[in-house]
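Report on one structure; see the data block that follows.
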Amino acid sequence: MCKFLRFLWFRGGVQFLPGVGMKGFQANWFRNRYPAADKSSTIQRRNLLVAYTALALVTCCAKNVFAENCVTANDMEPATRTALVSSGQRYFDFIAKGDPTSLRQNAIPSLASDFSSIETTVKDNQSALAGAKGTARPPFLLEADGTEPLPRAEFYCGVFGRNGQTRDSAAFYLNDLPPGKYAVIIFDAPSSKGAYTVSLILQQLASDWKLGGLYIKAAQIGGHNSDWFLTQAREFKTKGQTHNAWFYYLEARSLISPLPFMSTATTDKLYDESQKAQSADLPADGKTADLSAGTSTYKLVDLFPEVVGNELDLIVKYQAADVSNTNQAYQNNIAVMKALVAKYPELREAFAAVVARAMDPSGRDYGTLLAMKDIK
């Protein structure tokens, strides 16, 4: 069964399916969105690309010694490309019509047996995508060989140059991926509510391409796209507001990334630029950061921007011994939010609200939202 197709991404309206094994993407928010964006994997990726270049193997369209192989649209058999685009278009039309029943009938068995997340995604985006006409980008065919799931599957698609990715290349990073043939098809979907991307993950079963995963993402927030957030990030950086700059770089990259496990030349470039704004006093790579609030010290485990409606909020997660006492958890959340904004007053300029989430050892959490104007 396709374990990786059972991942549910936390962002609203963006779902990856019932039961996953993308364990490495759950460690922290940035890796959850961009699993290849840590320093070590970037170095490994570039070293691999240098080796490919030295061996004149800069394209990934041919079978190689690795267990992972990617075929781009230009190198696919015409019949395969036609089948992928045709299947993808049919599933997109089901989504635009708000027809999750037909989608379920064409899903892989493990997904069809637990289809609630997909149904919710389709319904949540029905008003935006109703009657939308999607334009398919060139598809990618991912082939995983072997008899056991691959702990870390890396697919390098298209032509890579001396400095890494080129305009039409892409890379996909998947953990615990079972052997099989998969396809990624991304649709650009203009709508009355702005630009959207609808990304379909298909798996080949016999001669059919079945639905294995679905991501639907707005490419704008309140009318602002990735370029706007990038411009704001650079302005924050110029003003010395490195924390705001970091969070806005993250949002810029999120908006331009249809899938959290996909990278392109553009996302790689944004990652490289954003590293200059990353602050050592923020939680990262599984390490906590201390936040003092009166006589208490809280261990922050994550800080990230989150879209709520048409606004951008800041989410802060911290360790808590217990959240069963909701009155105490609420007071702690308020204390954390006040201390965070007091420590980083620049946040007032960048976010509409802050959400604090107390996380206890059992995995339970308790959240509180407070508008920025009410944090005093």
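If amide H atoms are built 1.01 Å from N in the plane of the peptide, which residues on other chains or at least 5 residues away come under 5 Å of the amide H of Ala320?
Here the answer is Met359, Asp360, since their amide H atoms fall under 5 Å of that of Ala320.
Hey, can you grab everything whose amide H is under 5 Å from the amide H of Leu205? Only 5+ residues off in sequence or another chain; H modelled, so Pro and N-termini drop out.
When sequence neighbours closer than 5 places are left aside, the close amide H contacts are Lys210.
Just to check I understand the Karplus step: with θ = phi - 60° and J = 6.51 cos²θ - 1.76 cosθ + 1.60, what whole-Hz values come out for region 139-151, glycine and proline as x?
3J(HN,Hα) across region 139-151, in whole Hz: x, 10, 10, 10, 10, 10, 8, x, 10, 10, x, 8, x.
In this model, which of Lys123/Lys237; Lys181/Lys287; Lys133/Lys317; Lys217/Lys269; Lys181/Lys317 are farther than 30 Å apart at the alpha-carbon?
Lys123/Lys237; Lys181/Lys287; Lys133/Lys317; Lys181/Lys317
Using the number of other C-beta atoms within 10 angstrom as an exposure proxy, rank Glu148, Glu346, Glu235, Glu251 with the fewest first.
Neighbour counts put them in this order, fewest first: Glu148, Glu235, Glu346, Glu251.
What's the extension gain from Asp114 to Ala130 if we count 0.36 nm per residue and subtract their Cα-Cα distance?
3.3 nm
Tally Lys/Arg at +1 and Asp/Glu at -1 over every other residue whose Cβ is under 12 Å from the Cβ of Ala321; what's the total?
Here the charged neighbours net out to 0.
Rg (Å, one decimal) plus Dmax (Å, integer) for the alpha carbons of region 81-161?
Looking at region 81-161, its Cα Rg and Dmax stand at 15.7, 44 Å.
If you bin every alpha carbon distance in region 289-374 into 5 Å steps from zero, what whole percent lands in each bin?
That works out to 3, 15, 28, 26, 17, 8, 2, 0, in percent per bin.
Report the far tail of the P(r) of region 226-277, meaning the percent of Cα-Cα pairs longer than 12 Å.
Summing the P(r) tail past 12 Å for region 226-277 gives 57 percent.
What share of the DSSP beta bridges in region 275-376 is antiparallel, in percent to the nearest 5?
75
Rule-based calculations on the coordinates, nothing more; no lab input. In this text, all values refer to a predicted model and were calculated from it rather than measured experimentally. Here the Cβ is made from the backbone with ideal geometry for all residues, glycine too, and neighbour counts use every protein chain on show.
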